[in-house]
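For reference, the structure is listed below as structure tokens.
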Amino acid sequence: MLNTTKLLYILPELALVVELLPGKKPNDFSIQSFRQINGEFIDENQFVASNVTKLFEKLEEGEFHLILPDYLFTNTIVSVKETDDKKIAEYLQETLLPQIALSTATHDIDTTVLTTFKKQAKVQLSAMEKTVLAPIRVGASDSKVTISAVSPLSWTIKSLVSLEPSVTVLQVGTHLYSALHYIGVDQANQALTQDADQIAETIKTLKGVEANLQTLYLLTDTLTE
């Protein structure tokens with residue numbers, strides 16, 4: 001059996017099942033198999049439970065890393081005036097999370113220290129309401145599928161962009177997904193391809209705030225480009 005990594009993308013109008021084969025270098029992969037399954041899986045920021053169940057029935061047994069649109073997450077970068085890992089964790093748990101009404105009782109929360117500089121840390125915060133994933137848990141439990149992790153869509157293209165302030169625009173089906181990339185990921189947005197001007201206006205706004213923003217990565221068709 002091949003030692004592959006399986007990714008399951010669930011997006012509003014389609015799902016993607018991608019199997020990656022490890023390369024010779026660490027963190028290098030090639031696509032072993034790719035499958036697209038059409039259907040309405042997310043409507044108004046909620047999963048369509050019946051269609052999610054049908055989707056899981058079509059999947060082969062195995063462990064999958066689940067990728068979801070960024071708008072289902074609270075996903076941002078925060079500054080913490082601490083550099084010690086323990087003190088950073090204490091500040092997040094005791095001060096920041098209560099301030100923004102996030103709790104491990106109601107949300108699945110993941111934090112990652114991105115950088116520490118001049119007695120200050122940049123921390124990536126990603127959280128999702130536990131109730132949002134309820135249809136996923138039901139679909140997985142009724143099948144032979146195991147979900148190993150859940151990540152925002154913007155992170156799946158992080159390795160494709162250089163370590164500089166940049167914006168990515170990814171087109172999947174009739175939807176556009178944009179995000180500000182640097183050391184972490186911030187300012188994620190989405191729009192229909194017919195409303196590409198909304199993404200363009202967002203990029204102008206980001207450019208006005210971040211003077212070092214120079215690069216735009218487009219993974220789109222020529223019309224959107």
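In table form, for the structure just shown:
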{"read-out": "Which listed residue is among the polar types (S, T, N, Q), in contact with a Phe, Trp or Tyr (Cβ under 9 Å, 6 or more places away or on another chain) and more than 26 Å from L55 (Cβ to Cβ), from S143, S154, S166", "value": "S166"}
{"read-out": "Residues of segment 33-82 classified as within 15 Å of the chain's Cα centre (by Cα), of a type in the set (S, T, N, Q) and over 25 Å from L20 (Cβ atoms), total", "value": "3"}
{"read-out": "Some residue of segment 53-72 being basic (K, R), open to solvent by 30 Å² or more (accessible area, probe 1.4 Å) and farther than 30 Å from S141 by Cβ", "value": "no"}
{"read-out": "Verdict on K158 being at pLDDT below 90 and either over 25 Å from Q190 (Cα atoms) or open to solvent by 70 Å² or more (accessible area, probe 1.4 Å) (or both)", "value": "no"}
{"read-out": "Number of positions in segment 181-202 that are hydrophobic (A, V, I, L, M, F, W, C) and over 19 Å from the mean Cα position of the chain (by Cα)", "value": "2"}
{"read-out": "Residue pairs meeting the criteria (Cβ under 7 Å; at least 6 apart or on separate chains; first closer than 16 Å to I157 by Cβ, in segment 207-225; second open to solvent by less than 100 Å² (accessible area, probe 1.4 Å) and part of a loop (DSSP other than H, G, I, E, B))", "value": "T215/E164; Y217/V161"}
{"read-out": "Restricting segment 144-180 to residues that are more than 30 Å from N212 (Cβ to Cβ) and assigned to a loop (DSSP other than H, G, I, E, B), the residue that is farthest from the chain's Cα centre (by Cα)", "value": "K144"}
{"read-out": "Filter result (over 19 Å from L153 (Cβ atoms), touching a strand residue (DSSP E or B) at 6+ places or on another chain (Cβ under 6 Å) and in contact (Cβ under 8 Å) with a residue 60 or more places away in the chain) within segment 10-58", "value": "F56"}
{"read-out": "Near pairs, Cβ below 9 angstrom, 6+ apart or cross-chain, from segment 147-169 (free of Cβ contacts under 8 Å to residues at least 24 places away in the same chain) to any residue that is open to solvent by 20 Å² or more (accessible area, probe 1.4 Å) and among the hydrophobic types (A, V, I, L, M, F, W, C)", "value": "L163/I183"}
{"read-out": "Members of segment 131-156 found to be within 27 Å of N27 (Cβ to Cβ) and either touching a Leu at 6+ places or on another chain (Cβ under 6 Å) or charged (D, E, K, R) (or both), listed by number", "value": "V145, I147, V150"}
{"read-out": "So D43, is it among the charged types (D, E, K, R), over 18 Å from A134 (Cβ atoms) and modelled with pLDDT of 90 or more", "value": "no"}
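The values are calculated or read from the model by the stated rules, or taken from the named source; none is laboratory data. Note that this is a predicted model, so its numbers are computed, not measured. Neighbour counts are summed over all protein chains in view; Cβ atoms, including those assigned to glycine, are modelled from backbone coordinates with ideal geometry. Surface areas here come from the heavy atoms of the whole protein model, side chains and all, with no ligands, DNA or RNA. Shrake-Rupley method; radii C 1.70, N 1.55, O 1.52, S 1.80 Å.
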